[in-house]
Amino acid sequence: MRESKSNNNESLPTEEVHTPSSQRFLSFTKEAIDNPEEFWNTQAEIITWYKRWEKVLDESNSPFFRWFIGGKLNVSYNAIDRHLLAGKRNNAAYIWVAEDGAEHILTYEGLSQRVNSFAKALLDLGLKKGDVVLIYLPMILELPVAMLAAARIGVVFSVVFSGFGAQAIADRINDSGAKVVITADGGFRRGKIVELKKVVDDALNMTKSVEYVIVVKRTGHEINMVEGRDFWWDQVSNDINAKVKPEVMDSNDPLYILYTSGTTGKPKGVVHGNGGYSVWVANTLKWAFDPKPDDRWWCAADIGWVTGHSYIVFAPLFLGLTSILYEGAIDFPSPDRMWAIIERYKVNILYTSPTAIRMLMKYGDVYPQKHNLDSLRELGTVGEPINPAAWNWYYTVIGKGKCPIIDTYWQTETGGFIISPASYFGFDNLKPGSATFPMPGIDPVILDDSGNEVEPGNKGFLVIRRPWPGLMLTLNKDPDRYKAVYFSKFPGKYQTGDYAVKDEDGYFWLLGRADEVLKVAGHRIGTIEVEDALVGIANIAEAAVFGKPDPIKGDAIISFVTLKSGEVLTPAKINELKQQIRERLGPIMVPEEIHTVRVLPKTRSGKIMRRVVKAVYLNQIPGDITTLEDGASLEEIKTALETFRKEVT
Ligand code: WT7
């Protein structure tokens with residue numbers, strides 16, 4: 001560890017070296033804030049660079065901050081090649097566990113062969129640096145292989161979570177201009193086949209840029225292959241002796257685009273770069289979880305989300321760890337699946353979401369108690385605030401009171417953790433439900449609506465005052481939106497969009513979104529995005545979408561819609577409608593409840609009053625309704641609900 005030179009904080013007792021408020025942690029974070037140039041000059045060495053940067057940070061085009069100016073590197077070299085040179089050829093990079101229990105160990109050597117072979121395939125299809133590929137795959141080894149192969153040749157990739165449907169894929173292809181789509185015939189989920197290729201075929205009817213589709217054979221069921229456009233993965237990735245020289249990438253060249261929901265109908269294409277992002281994810285994994293070289297790390301997220309990008313693919317491979325890659329649902333075929341995997345593979349660190357914890361907790365203690373979980377040393381969580389009951393269960397029943405809970409707060413845009421306990425420095429002072437302290441280099445503050453810092457203990461907007469290496473480069477093809485969404489409310493400062501409190505001891509407590517974005521099972525879903533998507537499906541004319549607090553998932557999506565025909569649908573018809581929505585948008589976007597009404601409450605200018613619908617739904621007083629145009633609409637909602645509630649009971 002790097003010892004800090006500046007240590008003015010004499011008042012702290014020295015025996016506190018194992019707490020985050022310890023001298024070590026304090027002086028380390030102090031150095032990161034006071035002397036960022038020197039701090040990052042050292043910390044960036046966690047990555048192997050072809051050419052060292054000339055300058056740590058360029059703020060001249062703020063808020064488009066650029067890190068490690070002039071530095072050259074390759075991400076796949078850092079994830080693979082350098083470990084081969086360091087004698088880790090035969091270490092497992094991934095232990096892949098199929099939903100049906102099949103397993104496959106992929107060593108760093110094996111990963112190298114597959115990545116080189118697939119990189120050559122991409123080159124043979126004519127792809128070159130700066131082109132974009134879209135990846136729509138289940139949790140199989142070809143997914144990280146495809147990402148690393150693209151990174152190897154400087155091709156920008158955009159992964160779309162396999163729970164999204166044709167419309168979402170088409171929108172992402174059209175925004176990114178992807179030339180190639182990488183998918184599979186299908187995936188397995190709870191023993192059933194999820195059609196993936198078929199969804200891609202539908203999406204391609206709405207796009208123009210795609211020249212080729214590469215299809216992994218996973219399920220083996222019959223699918224449609226278009227002559228000259230569609231190729232099987234094995235057909236193109238057939239040279240296991242291929243050696244593809246890593247492209248020398250500039251620190252600030254784009255690495256990937258990952259779309260995330262915002263407060264408009266159009267998802268935001270978050271662009272992450274090569275240099276700063278890599279430095280950030282590698283260091284934050286090290287600081288937060290302090291993994292040992294031979295650890296088995298299981299980030300039980302899906303690679304389709306940023307959690308999987310940063311902490312299943314890049315950071316653990318940069319650090320040379322062994323990761324579990326699990327294909328299926330964590331409670332399938334039985335509620336002890338997660339615990340069985342931990343026992344069988346002696347997992348040391350488990351990183352999952354509050355939704356998963358609450359779900360597994362509901363099944364009962366008997367399931368974890370059937371398994372030996374002694375290998376666990378640390379437990380992590382991400383995606384939403386964790387409630388004390390879930391925290392305590394995780395800590396006592398799973399961790400047996402000996403594993404710290406690393407509650408990592410971050411976002412797609414931040415690249416990696418920004419507020420999290422830092423076990424690298426030791427600790428014994430966690431507060432259940434708090435993500436604790438900022439990662440080194442993060443400078444958070446809680447502001448009120450007019451930009452003044454609030455007193456400790458008060459709720460406000462969580463804002464980061466200065467850039468850090470993991471911050472996105474921009475929003476794809478939309479720099480103005482990047483500035484407007486993140487840097488305009490509090491000029492020059494990064495607005496997270498979350499509410500938070502900093503307590504008297506300096507701990508941060510995250511309180512949820514401050515905007516019209518829901519967190520459904522930890523996934524960000526914009527209410528307006530769902531509304532826009534619903535309108536136009538079947539004969540939906542208008543939609544109001546909001547979140548209902550859900551004891552397991554955080555938020556559940558609820559929608560009220562009007563139909564062009566003016567009808568009010570029967571439950572059977574509503575199920576048909578749900579099916580149509582599922583096909584178009586994918587399971588992830590389907591509202592849990594759809595209510596059809598003849599009118600929705602609107603302002604005189606015709607704006608749907610989502611907040612009023614929600615208040616009536618939740619049986620709360622709808623607040624100011626003086627602008628409401630037609631009071632009868634409230635009665636409509638009540639009637640629809642009464643019918644619905646009668647039917648479910
Ligand atoms: C939003 C970002 C970053 C990986 C997963 C989600 C919420 C995330 C926490 C946490 C409380 C959290 C915030 C944030 N969030 N982690 N530990 N405690 N809230 O990525 O889809 O970009 O969502 O998730 O609301 O803004 P994402």
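Restricted to the range 127-143, and to residues there that are in contact with a strand residue (DSSP E or B) (Cβ under 9 Å, 6 or more places away or on another chain) and farther than 25 Å from Gly586 by Cβ, the residue that is surrounded by the fewest Cβ atoms within 10 Å (Cβ to Cβ) is Gly130.
Ser162 fulfils the conditions (1) under 27 Å from Gly265 (Cβ atoms); (2) surrounded by fewer than 23 Cβ atoms within 10 Å (Cβ to Cβ); (3) touching a residue at least 60 places away in the same chain (Cβ under 8 Å) except for a single criterion, (2). Residues that are closer than 30 Å to Glu531 by Cα and at pLDDT 95 or above within the range 243-263 comprise Tyr256, Ile257, Leu258, Tyr259, Thr260, listed in sequence order.
Filtering Arg513, Arg524, Arg465 for residues that are farther than 23 Å from Phe161 by Cβ and charged (D, E, K, R) leaves a single hit, Arg465. Residue count for the range 376-389 under the criterion of being more than 12 Å from the ligand (Cβ to nearest atom) and under 20 Å from Ala301 (Cα atoms): the result is 4.
Checked against the criteria, Glu343 does not count as modelled with pLDDT of 95 or more, under 24 Å from the mean Cα position of the chain (by Cα), surrounded by fewer than 24 Cβ atoms within 10 Å (Cβ to Cβ) and not assigned by TED's automatic domain parsing to the domain that holds Val97. Being touching a strand residue (DSSP E or B) at 6+ places or on another chain (Cβ under 6 Å), of a type in the set (A, V, I, L, M, F, W, C) and outside the structural domain of Gly130 (by TED's automatic domain parsing) is a property that holds for Val535. Being within 12 Å of the ligand (Cβ to nearest atom) and surrounded by fewer than 22 Cβ atoms within 10 Å (Cβ to Cβ) is a condition met by no residue of the range 276-295. Would it be correct to say that Ala315 is in contact with a Leu (Cβ under 9 Å, 6 or more places away or on another chain), assigned by TED's automatic domain parsing to the domain that holds Gly416 and either touching a residue at least 60 places away in the same chain (Cβ under 8 Å) or at positive phi (or both)? It is true that Ala315 is in contact with a Leu (Cβ under 9 Å, 6 or more places away or on another chain), assigned by TED's automatic domain parsing to the domain that holds Gly416 and either touching a residue at least 60 places away in the same chain (Cβ under 8 Å) or at positive phi (or both). Taking the conditions exactly as written (within 25 Å of Lys519 (Cα to Cα) and surrounded by fewer than 22 Cβ atoms within 10 Å (Cβ to Cβ)), does Ile330 satisfy them or not? It is true that Ile330 is within 25 Å of Lys519 (Cα to Cα) and surrounded by fewer than 22 Cβ atoms within 10 Å (Cβ to Cβ). When we screen Lys266, Lys292, Lys286 for residues that are at pLDDT 95 or above, on the phi < 0 side of the Ramachandran plot and in a loop (DSSP other than H, G, I, E, B), the only hit is Lys292. Filter the range 394-417 down to residues that are near the ligand (Cβ under 9 Å from one of its atoms) and surrounded by 23 or more Cβ atoms within 10 Å (Cβ to Cβ) and give me whichever is nearest to Ile257 (Cα to Cα). Step by step, filter the range 394-417, then rank; the result is Glu413. Looking only at residues that are closer than 23 Å to Val445 by Cβ and of a type in the set (Val, Ile, Thr) in the range 492-534, which one is nearest to the ligand (Cβ to nearest atom)? Ranking the qualifying residues of the range 492-534, first place goes to Thr496. Scanning the range 181-206 for residues that are part of a loop (DSSP other than H, G, I, E, B) and either in contact with an Asp or Glu (Cβ under 9 Å, 6 or more places away or on another chain) or outside the structural domain of Phe118 (by TED's automatic domain parsing) (or both) yields Asp185, Arg190, Gly191, Leu196, Met206. Scanning the range 55-99 for residues that are of a type in the set (Asp, Glu) and more than 21 Å from Thr414 (Cβ to Cβ) turns up Asp81, Glu99.
Screening the candidates Ile214, Ile240, Ile257, Ile223 for the property of being more than 16 Å from the ligand (Cβ to nearest atom), in a strand (DSSP E or B) and of a type outside the set (S, T, N, Q) yields one hit, Ile214.
Looking at Ala435, is it among the small types (Gly, Ala, Ser) and within 13 Å of the ligand (Cβ to nearest atom)? Against the criterion (among the small types (Gly, Ala, Ser) and within 13 Å of the ligand (Cβ to nearest atom)), Ala435 qualifies.
The values are calculated or read from the model by the stated rules, or taken from the named source; none is laboratory data. Owing to the predicted nature of the structure, the values given are computational and were not obtained by experimental measurement. Reconstructed Cβ throughout: ideal geometry from the backbone, glycine too, with neighbour counts over all protein chains shown.
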